[in-house]
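The values are calculated or read from the model by the stated rules, or taken from the named source; none is laboratory data. What you see is a predicted model, and the numbers here were worked out from it, not measured in a lab. For neighbour counting, all protein chains shown are included, and Cβ atoms are generated from backbone atoms with ideal geometry for every residue, glycine included.
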Amino acid sequence: MAVCRQGDGFIEFSMSEDESNETTAEAIGHVPVLTEEVEAILLENSPGTIVDCTLGRGGHAERLLSVAPALKLVGLDFDEGNLDFARRRLAPFSDRIELRLADFSTLGAELASLKIDRVDAILADLGISSNQIADPLRGLSFDSDGPLDMRLDRRLRTTAADLVNGLSEGEISDMLWHNAEERQSRKIAKRLCAARRQGRINSTMLLARLVSAAVGVNPESHRNKIHPATRTFMALRMAVNTELESLKSLLNQAPELLGPRGRIAIISFHSGEDRLVKENFRSAAKSGDYRILTKKPMTSGEAERAANPRSRSAKLRAAEKAANA
Ligand SMILES: C[S@@+](CC[C@H](N)C(=O)[O-])C[C@H]1O[C@@H](n2cnc3c(N)ncnc32)[C@H](O)[C@@H]1O
């Protein structure tokens, strides 16, 4: 805690050293993707109000608020830690923002509680932020040992360990295939069910070892390739946080919540999500609600890929609500 002298007394600054360093890239812990593209698409029609459904560390929000001085932003995140961080980061814009701890599947209700009927733009940058993956206590990564939790929203009841230890072999296999298109889903499910008869599978490292053994791949000898447990971890995280269900709900609500010529931009990181977005936009375009702005998804350029490897799998799709809808 920093202290300074004023008159006869001492005044304590309320900001700790950690907080004062929060603007460093290391403290932020996440580099937003496709920021120029997001800005170009969402600000083109000079929106009055935008919703950032996945506020995260506030990177996209900060950029949008900085370049559009009249813009008002509603920000949602269901991770309390990220929401608090973004609130501090966006403090210079405090008179133009409303931030809420919420799952974006409840977007309509959140806007209603703010007495907002329609917005001019919606952004969702799906998945997880780099600082969330890096936190071993969240159990999202096979790079470090941690509890098999994976809840981004701490209000959720079911952890990844509950699913791995509680679902039937068939249910695990279906989840791995449906969420992450894991081709070895059956072998992995069989191995997990055999292992849990010896004791509960409770840690990320144990799960990673069991998956590697199930598919017969030693992760150490595949340093430059994808880890054999990547898809299993992704599928479990998606199931724990009901990611596809939340995305469907957001996509279904969006046409009602966007004003005339309002825009929606969704950044996804795997084919299951991207397919949902593509099909939703196509069907809304057929019914005359949307005009699709991205015939093909926008992707990162070479410079961004080099600077931020996470951007490699990002796909941005955008659409505009009809002027008369
Ligand atoms: C990729 S990060 C977003 C990063 C952000 N655009 C930035 O620039 O810092 C995704 C964020 O969305 C949040 N999130 C994911 N699914 C969500 C949902 N259904 N409802 C609310 N927040 C969600 C995660 O907790 C995470 O903070």
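Overview of values
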| item | result |
| --- | --- |
| Any hit, the stretch 291-308, residues being surrounded by fewer than 22 Cβ atoms within 10 Å (Cβ to Cβ), in contact (Cβ under 8 Å) with a residue 12 or more places away in the chain, farther than 30 Å from ARG118 by Cα and in contact with a Pro (Cβ under 8 Å, 6 or more places away or on another chain) | no |
| Qualifying position, being surrounded by fewer than 18 Cβ atoms within 10 Å (Cβ to Cβ), farther than 22 Å from THR294 by Cα and within 12 Å of the ligand (Cβ to nearest atom), among GLU98, GLU80 | GLU80 |
| Residue within the stretch 84-92 that is outside the structural domain of HIS227 (by TED's automatic domain parsing), closer than 20 Å to THR242 by Cα and within 13 Å of the ligand (Cβ to nearest atom) present | no |
| Some residue of the stretch 116-133 being more than 14 Å from the ligand (Cβ to nearest atom), in contact (Cβ under 8 Å) with a residue 40 or more places away in the chain and either more than 18 Å from CYS53 (Cα to Cα) or touching an Asp or Glu at 6+ places or on another chain (Cβ under 6 Å) (or both) | no |
| Single residue of MET238, MET205 found to be within 19 Å of ASP143 (Cα to Cα) and within 14 Å of the ligand (Cβ to nearest atom) | MET238 |
| Selection count, the stretch 173-205, where residues are over 24 Å from the mean Cα position of the chain (by Cα) and without any contact (Cβ under 8 Å) to a residue 12 or more places away in the chain | 5 |
